[in-house]
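See below for the structure under consideration.
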Amino acid sequence: MSQSDIGLIGLGTMGAMLSLNIADNGFDISVFNRTTSRTTEFKAGAGDLSDKITACETLEELVASIKPPRAIILMVPAGEIVDQQIAALRPLLDDTDMIIDAGNANFRDTERRAADAKAQGVPFLGIGVSGGEEGARFGPSIMGGGPKQGWDRVSNILTAISAKYEDTPCATWMGEGGAGHFVKAVHNGIEYADMQMIAETYGIMRDGQGMSADACATVFEAWNKGPLQSYLVEISGKVAAADDESGTAMLDVIMDKAGQKGTGRWTVIEAQHLGAPVPVIEAAVAARNLSALKDERLKGEEAYGAAPMSLPDGALTDDDLEQALMVGKIMCYAQGYALLNAASAEFKWDLPMADIAEVWREGCIIRSAMLNDMASALTEDAQRNLIFAPYFAKLINANLPSLRKTVTTAMAHGLQVPALAAALSYFDTMRTGRSTANMIQAQRDFFGAHGFERVDKDGKGFHGPWGGQL
Ligand code: 6PG
């Protein structure tokens, strides 16, 4: 019997779709799932692709069915299960065989697993895969991490199954160790922020302008034909247009508590560790956490009454909101890329900044028309903050008044726009040469003699005239 090109463990939705995608691209694949019935059922349901799939009942069978040197993808829930799976599988493998964790791992776990693998002299890859169920089946965006030779061994398969942007595969090696999973986490942080800012414009339309879900859908559909063209705006139009079985707008009956698996939170935590501010993403994560406090919010509404929210006619136009969203998005990416740059330096990854924008152009959740322009701007200068790229500077200058008008108008009426407000505040801070941190430094020196620098003299460790006042 001929052996498979690759193996995969974990036939949940993503694993099953990825396996079908691999088979569909002409590769033979061996699959294993903890529950054998799922494996059997998966092969039986694979239709024409079933010939390319070897269903294995044990890990030993799986290993024996793959061509050496083997490559086995893990598509199991992130966390301890990955460690358990590696512990069960590794003893059955040769030293040249490679385990590939394709789940949404915390990059710190991937760094640890990569270091363990290095110490054992065995190859290990951690790859970020984005695109949800449909992406996994028909072309995800893939962010690879681990030893370059390991990536090169499987890059033919990973590029074949990935999404394509005008024939360019959206699959790239990002760097050693946890680089791929770090880039995926930042992708998810941006995903959270993008979703939140869209939700904020929806809130202005629904609560500020009294628009129905259907009317909001029409606006999103129009935006998706312009500079905001993106998967998330597209699906926002679709979800706003959908009705439930009784004919009620689906959005109107969905509980307003957002879930999260934690990847956006990891981005914010790492940004804090690195001192690389991502306030738009922070606002989005906080907004999800606040959304979960439904009971308390109801209590608050009872105690204080809801804010008026309703806007005077014509206070904000669709164009204002569209332009506000554009600038918000640029700020969010500027922060995301600055974080990637900081991580690249800290972890010595040498992240390929323009390639990151390129692999996000198709297949992933944050794919959008703007990413191609970001790739160009990062090709010109990978270290420069995106707000200083001439192309984006022009967009910011043209659309900033709408962001300011949207944020101030919304806030004046009690409409909540935390991520858009964070974007505006970030921009205003980034163009203020003289900040107010002189006050912070004076306070620190007053209570802790921490010392400060002066604007009029060179050197550090100056103190104010408040000695003896403690
Ligand atoms: C992707 C997504 C995906 C993520 C979901 C849910 O790129 O395909 O980021 O990996 O798991 O979007 O994430 P939350 O549950 O954290 O919202």
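The values are calculated or read from the model by the stated rules, or taken from the named source; none is laboratory data. Source: prediction; values computed, not measured. We place every Cβ from the backbone using ideal geometry, glycine too, and count neighbours over all the protein chains shown. When the accessible area is computed, the model is the full protein with side chains, heavy atoms only, and any ligands, DNA or RNA have been set aside. Shrake-Rupley method; radii C 1.70, N 1.55, O 1.52, S 1.80 Å.
So what is the accessible area of region 1-150 per residue, in Å², with the probe set to 1.4 Å?
Accessible surface, normalised per residue, equals 42 Å².
Percent antiparallel among DSSP beta bridges with both residues in region 30-170, to the nearest 5?
That works out to approximately 35 percent antiparallel.
Taking a probe of 1.4 Å, how large is the accessible area per residue of region 339-448, in Å²?
Result: 47 Å² of accessible area for each residue.
Normalise the Debye intensity by I(0) for the chain, one equal point scatterer per Cα, no solvent, then take log10 at q = 0.10, 0.14 Å⁻¹ and round to two decimals.
-0.83, -1.31
Please figure out what share of the DSSP beta bridges in the chain is antiparallel and state it in percent, rounded to the nearest 5.
Rounded to the nearest five, the antiparallel share is 25 percent.
Using a 1.4 angstrom probe with every protein chain in place, what is the largest-first accessible-area order of 165, 333, 391, 426?
391, 165, 426, 333
Would you mind telling me the share, in percent, of accessible area of region 37-113 contributed by carbon and sulfur at probe 1.4 angstrom?
Carbon and sulfur together cover 51 percent of it.
Using a 1.4 angstrom probe, figure out how much accessible area region 181-298 has per residue, in square angstrom, rounded to the nearest whole.
45 Å²
Hey, what D do you get for region 239-358 in µm²/s if you plug the Kirkwood alpha-carbon radius into Stokes-Einstein at 20 °C and 1.002 mPa s?
Diffusion coefficient, whole number: 119 µm²/s.
What is the antiparallel percent of DSSP beta bridges lying wholly in region 116-197, to the nearest 5?
55 percent
Loop only by DSSP, 12 or fewer other Cβ within 10 Å of the Cβ. Give me the trypsin sites (Lys or Arg not before Pro) in region 310-363 that pass, ordered by residue number.
Passing both the DSSP loop test and the Cβ count: 348.
Report, to the nearest 10°, how far helix 179-203 tilts away from the longest principal axis of the Cα atoms in the chain, using its own Cα long axis and a range of 0 to 90°.
50 degrees
Based only on the alpha carbon positions, what is the Kirkwood hydrodynamic radius of region 307-465, in angstrom?
About 18.4 Å for region 307-465.
Can you sort 331, 255, 430 by solvent-accessible area, 1.4 Å probe, largest first?
255, 430, 331
How big is the Cα convex hull of region 186-295 in projection, averaged over all directions, in nm²?
If you wrap the Cα atoms of region 186-295 in a convex hull and average its projections, you get 8.1 nm².
Can you flag which of 238/329; 238/405; 52/238 are past 24 Å Cα-Cα?
238/405; 52/238, as the Cα separations exceed 24 Å there.
With a cut-off of 17 Å, note down the residues of region 228-264 whose backbone N falls inside the zone around a label point 7 Å from the Cα of residue 138 toward its beta carbon.
Zone members listed by number: 230-236, 238-239.
Can you sort 60, 302, 166 by solvent-accessible area, 1.4 Å probe, largest first?
Reading off the accessible areas and sorting them downward yields 302, 166, 60.
Which value, in Å² rounded to 10, gives the accessible area of residue 57 with a 1.4 Å probe and all protein chains present?
Ignoring ligands and nucleic acids, residue 57 comes out at about 120 Å².
Across bins of 10 angstrom width beginning at 0, how are the C-alpha pair distances of region 1-156 distributed, in whole percent?
Once binned at 10 Å, the Cα pair distances of region 1-156 give 11, 45, 37, 6, 0.
Express in whole angstrom the spacing between the alpha-carbon centres of region 399-470 and region 49-109.
That distance is 50 Å.
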